1. Relative contact order for the chain: what percent, with Cα pairs under 8 Å and sequence separation of 6 or more?
2. GNM, the chain, Cα, under 10 Å: largest mean-square fluctuation among 26, 376, 353?
3. Which of 331, 346, 354 moves the most in a Gaussian network model of the chain with Cα springs under 10 Å?
4. Of the heavy-atom accessible surface of segment 234-393 (probe 1.4 angstrom), what whole percent is carbon and sulfur?
5. So how exposed is residue 27, as accessible area in Å² (1.4 Å probe, rounded to 10)?
6. Volume per residue, Å³, of the convex hull around the alpha-carbon atoms of segment 223-338?
7. Give the angle, between 0 and 90 degrees and rounded to the nearest 10, that separates the Cα long axis of helix 378-392 from the longest principal axis of the Cα atoms of the chain.
8. What size of dipole, in debye to the nearest 20, comes out for segment 283-393 about its Cα centre when the only charges are +1 on Lys and Arg C-beta atoms and -1 on Asp and Glu C-beta atoms?
Amino acid sequence: MKVLFYISLLFISFQTYSQQLEIGVMRDYSISTLEVTYTDGNYIFYGDSTEITTLWKSQIVHLIRSGDKIKIQKDGKVLGSYSSIFIKEKEANLTLKIQGVAPSTKKSRRYMNNFMITPEGSNAMKIINLVEMENYLGGVIESEGGGGKPMEYYKVQAILSRTYALGHLKKHAKEGFELCDRVHCQAYHDKLIYTPDIDIAVKATKGIVMLNQELKLAQGFFFANCGGQTSEADFVWNTPVAHCKSVIDTFCTRSRQATWTKKIEVSKWNKFLVEEFGYPAADTLLHQLQYSFNQPQRDAFYQFPQLGVPLRDLRYEFKLKSTWFDCFREGNYIVINGKGFGHGVGVCQEGAMGMAKYNFNYSQILNFYFTGIHLMDYYDWLYIKQNAKNSIE
């Protein structure tokens, strides 16, 4: 029985590592006409499960929403209208180029593996990239962070992105796919194109995920720069996250986003504090403090917790780069001197890059920014999880 269970888990693990994730792409647009062109290798087009045509070099296929179907047009000739279009690569790991024509997406995008396209809404198409995990991660990491970064940093991002993907496969279930290409999932605007080191990092960490203290897939928060100290999670989202504790980080303090300054009109500052939070501006003492604030370490509230003015609200209202700032009045302006860029919870990206330059490996970096985590092969985690479940039953 245990042997059969072990074999079944091997099969599950193989499927997980090689499965095609369902990623909704071009979700910022309502595409009614899509142009598909050759990039790397030939693709077969199926309409309602019937083979229609093959895309060869220099050929162009247009997919056009027509009523409740999608019309296929190749080199100006209409090939038919179908309820669904499946575009399948003839060999493994090929690339296709797609671009919105109506409305125009201005730039084309290149994606690997396969596509499923169906009608959506009254005049649009749902475009789903059926992409292998490693190919997806390469595109995500380059879209999120770009090139020119240290290898160990890319390994950190690969683990965080893989963990997120596997932990959120039901996020867009109601829409008919697993994840989308927007930032609230993970930015995914192209295949990996310019940075071979990202592919190396993804393959070097293949299957590795990050678990929290309860051995569940962990939330791998990250942001640009902490300014010298990361934030407690409940300072930002009200709810504490056990593996996200504030740490002093000196690896990012010389980076370009470590400090910043902004000026805001006194009248706007005063209006927001009084109208939104009932700040007692008439109080003699508090009126003097209204425009003066010193924050030696990251905090959650402006001035005193009793006043109930969350720093995150000030950040959102005045588009500040972070919640870690000091301020003082200078004439008709509030001068804000801040540190860091982003929400401050989890991995400081520029700090992680700094650590990588000092030869810290990806495990050391993740364990520096997160508390009590475990790095484990996804298959091993499934095995432990299933064994624990069986022992309870």
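1. 16 percent
2. Greatest mean-square fluctuation among the candidates belongs to 376.
3. Evaluated over the chain, the most mobile residue of the options is 331.
4. Values: 4460 of 8820 Å².
Taking all protein chains in place, segment 234-393 shows 51 percent carbon and sulfur surface.
5. That residue has around 40 Å² of solvent-accessible surface.
6. Given the Cα convex hull of segment 223-338, per-residue volume reads 107 Å³.
7. 80 degrees
8. 160 debye
The values are calculated or read from the model by the stated rules, or taken from the named source; none is laboratory data. In this text, all values refer to a predicted model and were calculated from it rather than measured experimentally. Heads up, the Cβs are rebuilt from the backbone with ideal geometry, glycines too, and the neighbour counts pull from every protein chain shown. These accessible areas exclude ligands, DNA and RNA; they are computed on the full protein's heavy atoms, side chains included. Shrake-Rupley method; radii C 1.70, N 1.55, O 1.52, S 1.80 Å.
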